[in-house]
Amino acid sequence: MHELSIAMALVEQMEKVAREQKARAVPSVTVVVGALSGVDAEALAGAFPLAAEGTVAQGAELVITPACASVRCRACGQVTTPELPFLRCGGCGASEVEVVSGRELYIQAMDVEVAGEAGGE
Ligand SMILES: [Zn+2]
């Protein structure tokens, strides 16, 4: 399952950040998923708890921020949002376009709970 391996990669990155910040828990994480990334947000949300099990990311709330696709037209030069699944210029309809954005998949933000931060000794 494609999304499970992506979820595992995300959890790996979260563990790395958590280690660096000496976090003991990650209450929530915000992930940007581009419209052209090929990732199904729902499937990713379903796979995430499985990938997070037994890690610092366990129990984290996964917030998915969809990122729109945009393309630059080779014919008229406009940057438009294509009507997916067709990659066409929204201005003149040409299919000679270059993808400007929409392929992204990354952690935008992550909350961490640091040991000893709340309550004190
Ligand atoms: Zn165009």
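Once you place label points 7 Å from the Cα toward the Cβ at VAL114 and THR81, how far apart are they in nm?
Between VAL114 and THR81, the label points sit 3.8 nm apart.
Given a 1.4 angstrom probe, I'd like the percentage of the accessible area of the chain that is carbon and sulfur, rounded to a whole number. Can you show the working numbers first?
Numbers: 3590 of 7310 Å².
Percent of accessible area from carbon and sulfur atoms in the chain: 49.
Taking a probe of 1.4 angstrom, what is the accessible area of SER28 in Å², to the nearest 10?
20
Taking Cα pairs under 8 Å and at least six residues apart, what relative contact order does region 2-114 come out at, in percent? Display every interim value, and only then the final one.
Working: 234 pairs, mean separation 40.3, N = 113.
Averaging sequence separation for qualifying contacts and normalising by length gives 36 percent for region 2-114.
Can you give the accessible area of LEU84 in Å² (nearest 10), computed on protein heavy atoms with a 1.4 Å probe?
Ignoring ligands and nucleic acids, LEU84 comes out at about 80 Å².
Suppose R0 equals 35 Å. What FRET efficiency, 1/(1 + (r/R0)^6) with r the Cβ-Cβ distance, do VAL63 and SER95 give to the nearest 0.05?
That gives a FRET efficiency of 0.55.
Can you pull out the GluC sites (Glu not before Pro) in region 1-54 whose DSSP state is coil and whose Cβ has at most 12 other Cβ atoms within 10 Å? Please list the in-between numbers first.
Working: sites: GLU3, GLU12, GLU15, GLU20, GLU42, GLU53; in loops: GLU53.
Sites meeting the loop and neighbour criteria: GLU53.
Would you give the gap between the C-alpha center of region 56-97 and the C-alpha center of region 1-53, rounded to a whole Å?
For region 56-97 versus region 1-53, the Cα centre distance is 22 Å.
Work out the charge dipole of region 51-121 with +1 on the Cβ of Lys and Arg and -1 on the Cβ of Asp and Glu about the Cα centre, then indicate which of PRO85, LEU62, CYS73 is farthest towards its positive end.
CYS73
The values are calculated or read from the model by the stated rules, or taken from the named source; none is laboratory data. Note that the structure is a prediction, hence the values are computed from the model and not measured. Cβ coordinates were reconstructed from backbone atoms using ideal geometry, including for glycine residues, and neighbour counts include every protein chain displayed. Calculation scope for accessible area: heavy atoms of the full protein, side chains included, ligands and nucleic acids excluded. Shrake-Rupley method; radii C 1.70, N 1.55, O 1.52, S 1.80 Å.
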